[in-house]
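The values are calculated or read from the model by the stated rules, or taken from the named source; none is laboratory data. Just so you know, these numbers come straight off a predicted model, no measurement behind them. Counting neighbours? That spans all protein chains shown, and the Cβs are built from the backbone with ideal geometry, glycine included. Side chains included, ligands, DNA and RNA excluded: accessible areas come from the protein's heavy atoms. Shrake-Rupley method; radii C 1.70, N 1.55, O 1.52, S 1.80 Å.
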Amino acid sequence: FRTAPYGIMLLDEAGTLQDANESLIRMLGATSGQDMIGKTLTDFIARDAFVPLLGDLAPARPGDDKARVETTMMRTDGQPISVTLDIGDYSFHGQHGTHILVSDASDRKRLEDQLTFGLFYDRLTQLPNRTLLLDRISRALLSCGPEEHIGILLADLDRFHSINERFGHTFGDQLLVTWASRLRGCIEPSDTIARIGVD
């Protein structure tokens with residue numbers, strides 16, 4: 001318990017924190033476990049994040065994990081931290097309660113966000129890519145009435161290949177970023193501008 005590489009919370013049957021290990025104390029930036037004793041799980045969860053209601057989590061058999069929950073906890077310095085909570089029952093020397101294994105999921109969440117961004121956005125210009133554009137066109141077509149229309153404008157940079165050859169790809173990339181930024185300023189919030197090809 002004391003030296004586990006992941007955080008552990010031990011709650012009594014009323015849901016009050018009885019003990020916390022060193023990993024959890026470091027993860028949440030607390031000075032000691034004593035600062036945390038007597039609080040409930042809700043006290044550590046970010047305001048708008050999902051809070052598991054321990055009473056509603058019923059294990060199939062005593063000792064089985066009740067649930068795995070992804071949520072956001074707050075560090076003592078006010079910084080949010082993405083975590084995975086593995087919640088289960090424990091019984092030790094006649095005491096019964098809930099144990100919660102707390103794993104820092106920040107790196108995994110950051111990677112998932114990057115992968116999701118890469119699926120739908122162009123990394124250079126930060127514009128939606130072809131996949132997201134086609135999805136938005138489909139949605140627009142489905143939602144417009146019989147007398148409504150949608151408009152699509154296709155534009156490209158003439159002689160962009162020669163710009164890359166003459167001035168280099170770094171210059172060409174900067175030109176695309178600048179052009180994308182200017183086009184962004186020309187559209188309405190309901191419009192979509194996307195990069196679907198090299199130029």
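First compute the accessible area of region 145-199 with a 1.4 Å probe, then give the percent of it belonging to carbon and sulfur atoms.
Within region 145-199, the accessible surface is 54 percent carbon and sulfur.
Mind checking the dipole of the chain: about its Cα centre, +1 per Lys or Arg Cβ, -1 per Asp or Glu Cβ, Debye to the nearest 20?
So the dipole magnitude of the chain works out to roughly 440 debye.
With a cut-off of at most 11 other beta carbons within 10 Å, and DSSP calling the residue loop, which trypsin sites (Lys or Arg not before Pro) in region 122-199 qualify? Please list them.
Passing both the DSSP loop test and the Cβ count: R123, R159.
Report, in degrees rounded to the nearest 10, the 0 to 90 angle that the Cα long axis of helix 106-120 makes with the longest principal axis of the chain.
It works out to around 20 degrees.
Express the C-alpha Rg of region 1-51 as a ratio against the empirical globular expectation 2.2 N^0.38 Å, rounded to two decimals.
1.10
As I understand it, the dipole of the chain uses +1 on the Cβ of Lys and Arg and -1 on the Cβ of Asp and Glu, about the Cα centre. Which of S103, G118, V198 lies farthest toward its positive end?
V198
Tell me, rounded to the nearest percent, the portion of alpha carbon pairs in the chain spaced more than 31 Å apart.
Summing the P(r) of the chain above 31 Å gives 48 percent of all pairs.
Considering only protein heavy atoms, what per residue accessible area in square angstrom results for the chain with a 1.4 angstrom probe?
It amounts to 68 Å² per residue over the chain.
Counting only C-alpha contacts under 8 Å and six or more residues apart, can you give the relative contact order of region 72-199 as a whole percent?
20
Say R0 is 22 Å: what FRET efficiency, to the nearest 0.05, do A30 and S106 get from their beta-carbon distance?
That pair, A30 with S106, gives E of 0.80.
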